[in-house]
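Asks: The structure follows.
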Amino acid sequence: MKSGLVVQESVSLMPRNTLRVEVMARYYTNVTSVEQLRQALAWADERGLETLILGGGSNLVFADDVDALVIHMAIAGCHWANAANGEATLVLGAGECWHEAVLYAAAAGYRGIENLALIPGTAGAAPIQNIGAYGVELSDTLVSVTALDSESQDIVKLSNEACEFAYRDSLFKRQPGRYIILEIAMQLSRTRSLALGYGDLQQYFSGREPARALTPADVAQGVMAIRRRKLPDPAQLPNVGSFFKNAIVPQDTWEQLRADHPDMVAYPADHSVKLAAAWLIDQCGWKGYREDKVGVHNRQALVLINHNGGTGADILALARRIRDDVQARFGVELEMEPRVVPAGLGL
Ligand code: FAD
Ligand code: EPU
């Protein structure tokens, strides 16, 4: 029955997180509508339980069993609105698969999110850390986020500006659990320029068709090919993508670092400088490191791998050693990208 809430007790989250960490949810439910979501929140509230919203589990590190009601977001929906003059708004339910939506928009000839192909997870999680890749961020096209504010129980519509997006950051990331995202809307266009400036993309398309002949579907395919070369498939090598954010430092810190390390990789970022964390970790010799259960990917030093039944604690212990090494060698503090649950067990 669509509106009926089914709550299961003691459910393994191993198949529901891409690090394949074995932890148990005390309670678990799947919601396919706002009505079910409200029922789930009320059910937890009556029992004095915390809740955790779960999408694809590709940006979560479970450090212990989850003593809460885990609410798996499965609200579907995909439609176009306001189509005119080659522009249209793509509206996605929070439970939709992000990558499928990218391919769908690109196949329809709409530009704006093709560089974000193959990012795992759901549409509803995309605003949380303002997903980004290959020179594009969600915030470049996002028009609004519709969410249930768990404090007021109201459904609110937040504009792009209200979401306070920044690099791998947003209002939602800073207040975990407050806003439960129901729907996102993005403004796409058939005519805007394709974003081909990222080094890997330039290289990929050089010598191929001239840029003007490329379609958003071609760009999505290019991004997928590049990503498959570098990033491990979580189905084979469990991971959560980049484990740390690239570090943003003031210009003068960068000048000092560059004087000591002329090869350091960095990019300009709004009056500051973004340091390639992968380079810092790589220089400390961690790339390809492997212990019994966990390790560092051999093609991307920012990606930690759960090779063999490691726990969240095993992954976090390795992350701590890497972070401390980078701090000791370069004086740069790396910040974790995924969310640790429970938060108190984070780095
Ligand atoms: P989950 O991991 O389930 O949840 C992440 C956070 O969002 C949690 O705090 C959760 O509570 C919250 N959340 C989820 N859904 C909702 C909702 N509807 N409402 C409110 N809160 C919610 N990220 C990038 O930015 N760029 C990349 O290039 C990239 N590449 C990746 C490559 C790999 C191989 C992997 C494994 C991950 C990568 N990621 C990347 C990280 C990840 O895919 C994104 O952060 C993605 O948006 C997470 O989606 P999810 O549905 O799996 O979220
Ligand atoms: N590099 C190394 N060693 C490595 C890997 C990279 O020295 O092992 C250096 C290279 O010089 C390379 C540079 O670091 O040019 C940057 O590497 P890459 O292009 O792979 O990007 P990244 O900064 O490591 C970021 C995002 C990824 C996103 C890619 C593509 C962060 C934290 N990560 O990685 O996002 O897919 O750019 O845009 O910003 C994620 O967030 O989970 C994620 C995978």
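Asks: Within 30 Å of LEU231 (Cβ to Cβ) and in contact (Cβ under 8 Å) with a residue 24 or more places away in the chain: which single residue out of LEU52, LEU5, LEU41 fits that description? Break it down into steps so the answer makes sense when it comes.
Replies: Details: LEU5 fails: within 30 Å of LEU231 (Cβ to Cβ); LEU41 fails: within 30 Å of LEU231 (Cβ to Cβ).
The conditions single out LEU52.
Asks: With respect to ILE226, determine if the residue is more than 22 Å from LEU116 (Cα to Cα) and within 14 Å of ligand 2 (Cβ to nearest atom). Before the answer, list the steps.
Replies: Details: more than 22 Å from LEU116 (Cα to Cα): no; within 14 Å of ligand 2 (Cβ to nearest atom): yes.
No.
Asks: Considering only region 198-314, give the helices (runs of 4 or more DSSP H) lying wholly within it that have at least 3 residues that are out of contact with any Gly (no Cβ under 7 Å at 6 or more places or on another chain) and within 15 Å of ligand 1 (Cβ to nearest atom). Reasoning before the result, please.
Replies: Details: elements: 199-205, 216-230, 251-260, 277-283.
Filter on region 198-314 gives 216-230.
Asks: So, in region 108-138, how many residues would count as being over 13 Å from the mean Cα position of the chain (by Cα) and more than 14 Å from ligand 2 (Cβ to nearest atom)?
Replies: 5
Asks: Further, regarding this structure: Any residue at all in region 192-207 that is closer than 30 Å to LEU41 by Cβ and of a type in the set (S, T, N, Q)? Don't jump to the end; show me each part of the working.
Replies: Narrowing region 192-207 to residues closer than 30 Å to LEU41 by Cβ: none.
No, because not a single residue in region 192-207 is closer than 30 Å to LEU41 by Cβ and of a type in the set (S, T, N, Q).
Asks: A further question on this structure: Given the conditions (1) more than 16 Å from ligand 2 (Cβ to nearest atom); (2) surrounded by fewer than 23 Cβ atoms within 10 Å (Cβ to Cβ); (3) not hydrophobic (A, V, I, L, M, F, W, C), and given that SER58 satisfies all but one, which numbered condition is not satisfied?
Replies: (1)
Asks: May I pose another question? Taking region 232-253 as the search range and keeping residues that are under 15 Å from LYS274 (Cα atoms) and more than 15 Å from ligand 2 (Cβ to nearest atom), which one is least open to solvent (accessible area, probe 1.4 Å)?
Replies: THR253
Asks: Still on this structure, I have one more. Restricting to region 163-205, what's the tally of residues that are open to solvent by 60 Å² or more (accessible area, probe 1.4 Å), among the polar types (S, T, N, Q) and away from ligand 2 (no atom under 16 Å from the Cβ)?
Replies: 4
Asks: Going residue by residue through region 257-280, is there one that turns out to be touching a helix residue (DSSP H, G or I) at 6+ places or on another chain (Cβ under 7 Å), of a type in the set (Lys, Arg) and within 15 Å of ligand 2 (Cβ to nearest atom)?
Replies: Checked region 257-280: no residue is touching a helix residue (DSSP H, G or I) at 6+ places or on another chain (Cβ under 7 Å), of a type in the set (Lys, Arg) and within 15 Å of ligand 2 (Cβ to nearest atom).
Asks: Tally time: how many residues in region 25-48 are within 21 Å of SER10 (Cβ to Cβ) and charged (D, E, K, R)?
Replies: Here the count works out to 4.
Asks: Hey, ASP140 hits all of (1) open to solvent by less than 50 Å² (accessible area, probe 1.4 Å); (2) under 27 Å from ARG228 (Cα atoms) but one; which does it fall short on?
Replies: (1)
Asks: Determine which single condition GLY56 fails, assuming it passes every other condition in (1) outside any loop (DSSP other than H, G, I, E, B); (2) within 18 Å of THR122 (Cβ to Cβ).
Replies: Only one criterion in (1) outside any loop (DSSP other than H, G, I, E, B); (2) within 18 Å of THR122 (Cβ to Cβ) is unmet by GLY56, namely (1).
Asks: Would you check which residues across region 290-331 are among the β-branched types (Val, Ile, Thr) and either without any contact (Cβ under 8 Å) to a residue 24 or more places away in the chain or open to solvent by 10 Å² or more (accessible area, probe 1.4 Å) (or both) and list them? Write out each step before concluding.
Replies: Within region 290-331, the first condition is being among the β-branched types (Val, Ile, Thr), and the residues that meet it are 294, 296, 303, 305, 311, 315, 322, 326.
The answer is THR311, and nothing else.
Asks: Quick one: GLY285 ticks every box in (1) small (Gly, Ala, Ser); (2) touching a residue at least 12 places away in the same chain (Cβ under 8 Å); (3) open to solvent by 10 Å² or more (accessible area, probe 1.4 Å) bar one, so which box is it?
Replies: (2)
Asks: Within region 61-73, which residues are more than 16 Å from ligand 2 (Cβ to nearest atom), within 21 Å of the chain's Cα centre (by Cα) and not in a loop (DSSP other than H, G, I, E, B)?
Replies: The answer is PHE62, VAL66, VAL70, ILE71, HIS72, MET73.
Asks: Among the residues in region 209-223, are any among the hydroxyl-bearing types (Ser, Thr, Tyr) and over 21 Å from the mean Cα position of the chain (by Cα)?
Replies: Initially, region 209-223 is screened for residues among the hydroxyl-bearing types (Ser, Thr, Tyr), giving 215.
Among the residues that remain, those that are also over 21 Å from the mean Cα position of the chain (by Cα) are: 215.
Looking through region 209-223, at least one residue is among the hydroxyl-bearing types (Ser, Thr, Tyr) and over 21 Å from the mean Cα position of the chain (by Cα).
Asks: Look through region 332-346, keep the residues that are among the hydrophobic types (A, V, I, L, M, F, W, C), open to solvent by 20 Å² or more (accessible area, probe 1.4 Å) and under 23 Å from PRO127 (Cα atoms), and return whichever of them is nearest to ligand 2 (Cβ to nearest atom). First the steps, then the outcome.
Replies: Initial filter on region 332-346 (among the hydrophobic types (A, V, I, L, M, F, W, C)): 332, 334, 336, 340-341, 343, 345.
Next, from what is left, pick out any that are open to solvent by 20 Å² or more (accessible area, probe 1.4 Å): 336, 343, 345.
Applying the additional criterion that residues be under 23 Å from PRO127 (Cα atoms) yields 336, 343.
Working: MET336: 10, ALA343: 19 Å.
Ranking the qualifying residues of region 332-346, first place goes to MET336.
Asks: Regarding GLY48, is this residue outside any helix (DSSP H, G or I), on the phi > 0 side of the Ramachandran plot and in contact with a helix residue (DSSP H, G or I) (Cβ under 7 Å, 6 or more places away or on another chain)? Please lay out each step first, then the result.
Replies: Values: outside any helix (DSSP H, G or I): yes; on the phi > 0 side of the Ramachandran plot: yes; in contact with a helix residue (DSSP H, G or I) (Cβ under 7 Å, 6 or more places away or on another chain): no.
It is false that GLY48 is outside any helix (DSSP H, G or I), on the phi > 0 side of the Ramachandran plot and in contact with a helix residue (DSSP H, G or I) (Cβ under 7 Å, 6 or more places away or on another chain).
The values are calculated or read from the model by the stated rules, or taken from the named source; none is laboratory data. Keep in mind that this is a model prediction, so the values were computed, not measured. Cβ atoms come from the backbone with ideal geometry, glycine included; neighbour counts cover every protein chain shown. These area figures cover heavy atoms from the full protein model, side chains too; ligands, DNA and RNA do not enter into them. Shrake-Rupley method; radii C 1.70, N 1.55, O 1.52, S 1.80 Å.
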